[in-house]
There are 2 protein chains.
Amino acid sequence: MKAEIISIGSELTSGRNLDTNARWLSLRLGEIGIPVAFHTTIADDLDDNVAAFRLASERADVVLTTGGLGPTQDDLTREVMARVGGVELVFDEPSYEAIRGMFARRNRVMPERNRVQAMVPAGAEVLPNACGTAPGVGMKLGRAWFAAMPGVPSEMYAMYEAQVRPRLVAMGLAGGVFVQRKINTFGMGESQVEEKLLDLTARGHIPEVGITASDATISLRIFAMGPDLAAVNALIEPVERTIRERLGVLVFGDDEDELQDAVVRLLAEKRKTFAVAEGVTGGLLGQRLAGVPGATQWFRGGVIAYTDEATRDLLGVPAELLREHGAVSEQVAVAMAKGCRERLGTDLAVSTVGVAGPGGGSDVHPVGTVFAALAHAGGVSTQTFSWLGTRAEVQSRTAKLALNLARLYLLRGG
Amino acid sequence: MKAEIISIGSELTSGRNLDTNARWLSLRLGEIGIPVAFHTTIADDLDDNVAAFRLASERADVVLTTGGLGPTQDDLTREVMARVGGVELVFDEPSYEAIRGMFARRNRVMPERNRVQAMVPAGAEVLPNACGTAPGVGMKLGRAWFAAMPGVPSEMYAMYEAQVRPRLVAMGLAGGVFVQRKINTFGMGESQVEEKLLDLTARGHIPEVGITASDATISLRIFAMGPDLAAVNALIEPVERTIRERLGVLVFGDDEDELQDAVVRLLAEKRKTFAVAEGVTGGLLGQRLAGVPGATQWFRGGVIAYTDEATRDLLGVPAELLREHGAVSEQVAVAMAKGCRERLGTDLAVSTVGVAGPGGGSDVHPVGTVFAALAHAGGVSTQTFSWLGTRAEVQSRTAKLALNLARLYLLRGG
């Protein structure tokens, strides 16, 4: 059993865009025990596409393709499948209606060009697209079952989950069970975290435990494979328990959880409302909280104070305080958090100030120096840190620092 | 002339690691006029490697490989090249000394298994590795010149620059000057934009014109190649002029320009100050503007109004208006923009409201419905739209819609 993933687009072969679809699909196939032997990336060239599809039809059992299903002239996948299968393209009425309906629901008229997206190779199965106009195509070519999906990641993810994976399982192509569990921590460096777990991260340990750092979030990954879920979980669970015991409050979540998810969960649990006063983060805290489904009930909003005037007028921070200590100071961070909490009438409010760089550093406050403050019923907690990194990294990590301040306060029973 | 890039390693086909080497090499080859037609990724499997190298030796003129040059049993590239070339592996004394020296300089003894890294296919050229133990291999196989490099990105980058690129140029494989120009537009769908340019995007048009959509930004890319820059520019310029003429104010920038860059540029030009009142975008507008170097002089900050209370208290939107029309309404967007402009004392203020989903939609306002408003000295301009997409996509595209409203106003002489 071998799978191949084909990514289509000149923007990929030229290096303009980085392909992340092939990796995502490899991980998904791995989860259902289908090993991937090849990734192939081809430009929008008809002959190269036909040759690549033909080769895949000879050497693989499952072939997943992404891209080339759009409405424009360089979208070739439908035609390529028809040629390799030796069949005609035929008009599929239900696909046409689905595409028209997608436009109609947005009060828009379908451009004539999109009609081509309803053409499918004769005998192929249409894979409906819940998130976009391009239907996918399922088809047996040579020894392989092909599923052609759109290149837009969000559309592809949804189509894989709803249409492709169920078919792979139903056709009996899925093998054993592979499980990866990820435990996310914040508040300690990678090597300090690893020192607490050296026996588990040693090479050869079963199940395998890996450690990775991403933007100051340190994650532990446990990998295990077995004939069924019960066998795999029996391997993973004791290790997971040990990791959680040793790391304690450093652990904020699992898998794709981010700090904002943990904060919103705790806000809901403790029934506390939340607001943000953003200096150095410039809107990033708000954006992250607003990205959590269901945050609206607890996250009220806040203020982006990008100048001293805004800090004064919108948060009531006294002009003298700003003059005396400067906008990048613990005192101003405290006053911002307090002012924000009062003006938005929330239980909690966090603030951030700092020097994101690349310019603006000084001897007292070099680039990367930040202050975060959390105002709550009992007063104000603060934290300062000095990040090494680019402007975007300083902003991102400072947003995490502020969220973590709120998380730890809520955990302590705030 | 066609190039192929082969990435070797089971950690890539399994999705465990994301391959960024292929993209990096594609960009470098593009810069010296060598178009890349294929990326191939294979696991550490001897037969698959031999087949992939053989195929590349038949369909490409330049083949760059990464990975498989380490000292362990799953490092197969040296053996694969020897098999495809029909030659023996021979011991290369200078490589052996270089590897030993690399260990000696770190006060370590060379492990015996590293000796295998000094074995090269007979007749091949050794490409010295300045940053690691694995020497590269240069060799003609079939119609192609192969350069095998290590998979570690830093080692590969250094070897490409010092060893591979000079050889490609010396062998006359570099094809002169390659230029790509990108023109970014916002405000019309991909197929509608293409309808205005069908003569230019047709297959075979010289220079090649491609169209891509990324999060509602539609970009035209003009690709041209020629013996020198003057010849390439002579190809590109008339096409670029035609595109700009036909698309008019849809065009907001070039290359890596984003809408916020265009807005900050226009704000500076017209000496106008700017603020944001964020409902559905929740901080994203602020974050994007705060990311533009030099924005501080024009971007003052704003308000994240994620609840009716915040909208009322921080922006002065009357409670009756919120009750009567609901927070997701043109009326509330208008009142938010006006309130924001007054409270921050700026020349312009934009607001966003809407339903980002996945929940919260209704018959009147399905998920994806958004309103943006721009308050200025002459009154308020508004726009509404209905996006297809995930929550993050709706938020991102709505931020663009609001920025575009400001851009068009400033362009008209605001």
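The values are calculated or read from the model by the stated rules, or taken from the named source; none is laboratory data. Just so you know, these numbers come straight off a predicted model, no measurement behind them. Neighbour counts are summed over all protein chains in view; Cβ atoms, including those assigned to glycine, are modelled from backbone coordinates with ideal geometry. Remember, those area values only see protein heavy atoms, side chains included, never the ligands or the DNA or RNA. Shrake-Rupley method; radii C 1.70, N 1.55, O 1.52, S 1.80 Å.
List of remarks:
- Placing B:225, A:81, B:1 in order of accessible area, with the largest value first and a 1.4 Å probe, yields B:1, B:225, A:81.
- Region A:267-321: relative contact order in percent, alpha carbon pairs under 8 Å with at least 6 residues between: 36
- Gap separating the Cα centres of region B:86-154 and region B:296-314, nearest whole Å: 60
- Considering chain A at the alpha-carbon level, its Rg and Dmax are found to be 26.2, 79 Å.
- Charge dipole magnitude, Cβ of K and R +1, D and E -1 - region B:257-403, Cα centre, debye nearest 20: 400
- Calculated from backbone phi, Karplus (6.51, -1.76, 1.60) coupling profile of region A:73-86 in Hz, x at Gly/Pro: 5, 8, 9, 10, 4, 4, 5, 4, 5, 4, 5, 5, x, x
- Rounded to the nearest 500, the 222 nm mean residue ellipticity of chain B from helices alone is -11500 deg cm²/dmol, with -39,500 (n - 2.57) taken per DSSP H run of at least 4 residues.
- For chain B, relative contact order (Cα pairs under 8 Å, six or more residues apart, normalised by length) works out to 10 percent.
- Residues in region B:71-110 that a label on residue B:46 would reach, taking backbone N under 17 Å of a point 7 Å out along Cα→Cβ: B:71-90
- Computed over protein heavy atoms with a 1.4 Å probe, the accessible surface of region B:167-211 works out to 45 Å² per residue.
- Share of carbon and sulfur in the accessible heavy-atom surface of region B:195-281 [1.4 Å probe, %]: 51
- With DNA, RNA and ligands ignored, accessible area of residue B:382 (1.4 Å probe; Å², nearest 10): 50
- Sites matching trypsin sites (Lys or Arg not before Pro) across region B:313-414 that sit in DSSP coil, with at most 13 neighbouring C-beta atoms within 10 Å: B:412
- Dipole of chain B computed with +1 at Lys/Arg Cβ and -1 at Asp/Glu Cβ about the Cα centre; of B:243, B:52, B:107, farthest Cα towards the positive end is B:243.
- Per-q log10 I(q)/I(0), region B:255-414, q = 0.18, 0.21 Å⁻¹ (Debye; single scatterer per alpha-carbon; no solvent): -1.01, -1.35
- Heavy-atom SASA rank of B:157, B:409 (probe 1.4 Å, accessible area, largest first): B:157, B:409
- Most positive-pole-ward Cα, B:188, B:394, B:171, against dipole of the protein assembly as shown from beta carbon charges: B:394
- Nm distances between copies for residue A:109, ranked from closest, using label points 7 Å along Cα→Cβ: 8.2
- For chain B, the longest piece that avoids every one of the GluC sites (Glu not before Pro) found in DSSP loops with at most 15 other C-beta atoms within 10 Å covers B:89-255.
- Where B:398, A:296 fall by accessible area, highest first, once all protein chains stay in place (1.4 Å): A:296, B:398
- Working value for the protein assembly as shown: equivalent-ellipsoid semi-axes of 46, 34, 28 Å, each the square root of 5 times a Cα gyration tensor eigenvalue, largest first.
- Percent carbon-and-sulfur accessible area, region B:306-414, ignoring ligands, DNA and RNA, probe 1.4 Å: 50
- Ratio Rg/Rh [Cα only; Rh per Kirkwood] for region B:157-278: 1.09
- The apolar share of the surface of region B:13-144, taken as the fraction of accessible area on carbon and sulfur atoms (1.4 Å probe, ligands and nucleic acids excluded), comes to 49 percent.
- Listed residues A:356, A:127, A:413: farthest to the positive end of the dipole of chain A (Cβ charges): A:413
- When both region A:10-52 and region B:1-32 are represented by their alpha-carbon centers, they are found 11 Å apart.
- Whole-Hz Karplus values for region A:123-139 come out as x, 7, 9, 7, 9, x, 10, 7, 10, x, 8, 7, x, x, 9, x, 6 Hz, taken residue by residue from phi with 6.51 cos²θ - 1.76 cosθ + 1.60 and θ = phi - 60°; glycine and proline positions read x.
- Shape summary: region A:54-154 maps onto an equivalent ellipsoid whose semi-axes, from the alpha-carbon gyration tensor, are 25, 13, 11 Å in decreasing order.
- Region B:163-226 and region B:266-280 have Cα centres spaced 32 Å apart.
- Charge dipole magnitude, Cβ of K and R +1, D and E -1 - the protein assembly as shown, Cα centre, debye nearest 20: 1200
- Net charge dipole, region B:201-249: roughly 140 debye, given to the nearest 20, about the Cα centre with Cβ charges of +1 for Lys and Arg and -1 for Asp and Glu.
- Of all DSSP-defined beta bridges confined to region A:260-385, some 55% are antiparallel rather than parallel.
- Where both bridge residues fall in the protein assembly as shown, DSSP classifies roughly 65% of the beta bridges as antiparallel.
- Residues residue B:215 and residue A:384, FRET efficiency given R0 of 22 Å [Cβ-Cβ distance, rounded to 0.05]: 0.05
- Other-chain or far-sequence residues with amide H under 5 Å of residue B:141's (modelled H): B:146
- Built amide H within the under 5 Å cut-off of residue B:44, gap 5+: B:9, B:10
- Modelled FRET efficiency - R0 25 Å, residue A:201 with residue A:27, Cβ distances, 0.05 increments: 0.75
- Interface A-B: total buried accessible area of about 5700 Å², 1.4 Å probe, protein heavy atoms only.
- Under Karplus coefficients 6.51, -1.76 and 1.60, residue-wise ³J(HN,Hα) of region A:23-36 in Hz, glycine/proline x: 5, 4, 5, 4, 5, 5, 5, x, 5, 10, x, 10, x, 9
- Once Rg and the Kirkwood radius are both taken over the C-alpha atoms of region A:112-177, their ratio Rg/Rh works out to 1.00.
- Projected label points at residue B:271 and residue B:140, each 7 Å from Cα along the beta carbon direction, are separated by 6.8 nanometres.
- Amide H contacts of residue B:347 (H built 1.01 Å from N, under 5 Å, at least 5 apart or other chain): B:273, B:274
- Accessible-area loss of 10 Å² or more (1.4 Å probe, protein heavy atoms, chain alone versus all protein chains) is found in region B:267-291 for B:282, B:283, B:284, B:286, B:287, B:290, B:291.
- Cross-link reach list, lysines versus residue A:400, counting only Cα pairs under 24 Å and skipping chain neighbours closer than eight places: A:182, A:196, A:270, A:272, A:338
- Take every DSSP beta bridge whose two residues both sit in chain B; close to 65 percent of them are antiparallel.
- Surface accessible to a 1.4 Å probe, per residue, for the residues of region B:325-403, Å²: 35
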